[in-house]
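One structure is given here, and the rest of the page talks about it.
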Amino acid sequence: MAQRKENVVMFPFMATGHIIPLIALALRIEQKTNYSITFVNTPLNILKFRSSIPPNSSIRLVELPFTSSDHGLPPNIENTDSTPYHLVIRLLEASNSLKPSFKKLIEDMIKEQHGHRPLCIIADIFFGWTTSLAKELNVFHGIFTVSSAYGLACYYSLWMNLPHRKVNSDEFSLPDFPEASRVHITQLATNILEADGTDAWSVFQKENLPEWANSGGILVNTVEQFDHIGLSYFRRKLGRPAWAVGSVLLSLDSQARAVKGGFGTGKEMKSKARQVMEMIKNATKDEEGFKGSSVEALDDFFSAAVSMRERTERGKNIAA
């Protein structure tokens with residue numbers, strides 16, 4: 001009898017900058033494991049990004065029904081690329097309507113596999129509601145972010161605390177992130193700058209962000225050696241693992257160019273860029289006798305998922 005393949009369900013937010021990195025991670029997982037992968041999104045996004053999946057890939061693409069005009073959006077709006085900025089929040093709010101169909105998808109997968117659950121759900125940072133759904137269905141859950149841990153930590157702290165509303169200065173500290181640099185109001189995105197706790201963005205984030213603590217942990221598109229401060233923040237704040245699984249998507253040359261964009265002499269920047277490229281290569285290296293930190297982090301994530309599966313199965317056997 002053939003051994004059943006474990007299934008990984010991946011669900012990014014409807015934005016190109018969220019979808020493409022998760023596709024890249026899906027391809028890496030497919031290459032390095034024997035897991036099957038189910039990649040979920042709305043119909044127009046599946047159509048748009050189908051060509052990003054190599055012809056020889058076995059990744060399964062699944063559409064969830066979505067009609068933008070039902071949510072006060074123009075017709076055929078399913079991606080932030082085609083959404084006017086002032087309507088992005090409405091697309092975020094509308095994404096909550098995907099919950100029933102996503103739940104049904106997971107339930108149907110479990111039925112098709114005769115009670116065998118997916119190994120895990122990897123969902124977007126904007127889909128906090130998937131944590132409670134995963135818990136209800138006894139499926140391990142991980143949040144995925146394409147941004148650095150440090151940048152996301154600042155974002156999380158800003159939305160959770162709105163510190164700029166509590167000071168009379170243009171510069172302020174993040175109350176739960178003392179390791180971070182002070183923030184100037186000119187650095188804030190418009191939606192955060194104008195947030196007062198009752199606006200639509202604040203209401204959405206008040207529901208979304210606390211759900212992260214109910215996940216099994218957070219997968220971050222970064223390298224441990226670069227981003228320890230941000231990773232430590234989430235490990236402390238959420239009480240959950242933060243796995244540095246990067247670098248996903250960006251080429252080594254792109255990241256080296258980003259480093260060169262900093263301050264210093266040309267010679268210093270070239271030296272720093274070489275160091276960065278070497279660290280990224282080492283972090284993502286997976287060969288006989290050596291695994292980089294990012295490879296080990298992804299292994300740790302799946303080990304946590306397998307451990308939950310085993311605990312769930314033991315619980316069933318005891319109950320029986």
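Summary table below
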{"item": "Unmet requirement for SER147, which otherwise passes all of (1) within 16 Å of the chain's Cα centre (by Cα); (2) buried (at least 21 other Cβ atoms within 10 Å of the Cβ)", "result": "(2)"}
{"item": "Residue in the range 3-21 that is surrounded by fewer than 18 Cβ atoms within 10 Å (Cβ to Cβ), under 26 Å from ASP286 (Cα atoms) and touching a His at 6+ places or on another chain (Cβ under 8 Å) present", "result": "yes"}
{"item": "Conditions (1) surrounded by fewer than 18 Cβ atoms within 10 Å (Cβ to Cβ); (2) acidic (Asp, Glu); (3) under 28 Å from ILE20 (Cβ atoms); number of the one not met by ASP176", "result": "(3)"}
{"item": "Some residue of the range 200-212 being surrounded by fewer than 22 Cβ atoms within 10 Å (Cβ to Cβ), of a type in the set (Ser, Thr, Tyr), in a helix (DSSP H, G or I) and touching an Asp or Glu at 6+ places or on another chain (Cβ under 9 Å)", "result": "yes"}
{"item": "Close pairs (6 angstrom Cβ cut-off, 6 or more residues apart or separate chains): farther than 14 Å from SER293 by Cα and surrounded by 15 or more Cβ atoms within 10 Å (Cβ to Cβ) in the range 227-244, among the β-branched types (Val, Ile, Thr) and at pLDDT 95 or above anywhere", "result": "PHE234/ILE218"}
{"item": "Residue in the range 125-132 that is of a type outside the set (D, E, K, R) and more than 18 Å from PHE204 (Cβ to Cβ) present", "result": "no"}
{"item": "Test for ASN79: is it surrounded by fewer than 18 Cβ atoms within 10 Å (Cβ to Cβ) and at pLDDT 95 or above", "result": "no"}
{"item": "Inter-residue pairs, beta-carbon under 6 Å, first assigned to a loop (DSSP other than H, G, I, E, B) and in the range 15-38, second surrounded by 17 or more Cβ atoms within 10 Å (Cβ to Cβ) and among the aliphatic types (A, V, I, L, M), 6+ apart", "result": "TYR35/VAL8"}
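The values are calculated or read from the model by the stated rules, or taken from the named source; none is laboratory data. It should be emphasised that the depicted structure is a prediction, and the values quoted were computed from it without experimental measurement. So basically every Cβ, Gly included, is an ideal-geometry build from the backbone, and we count neighbours across all protein chains shown.
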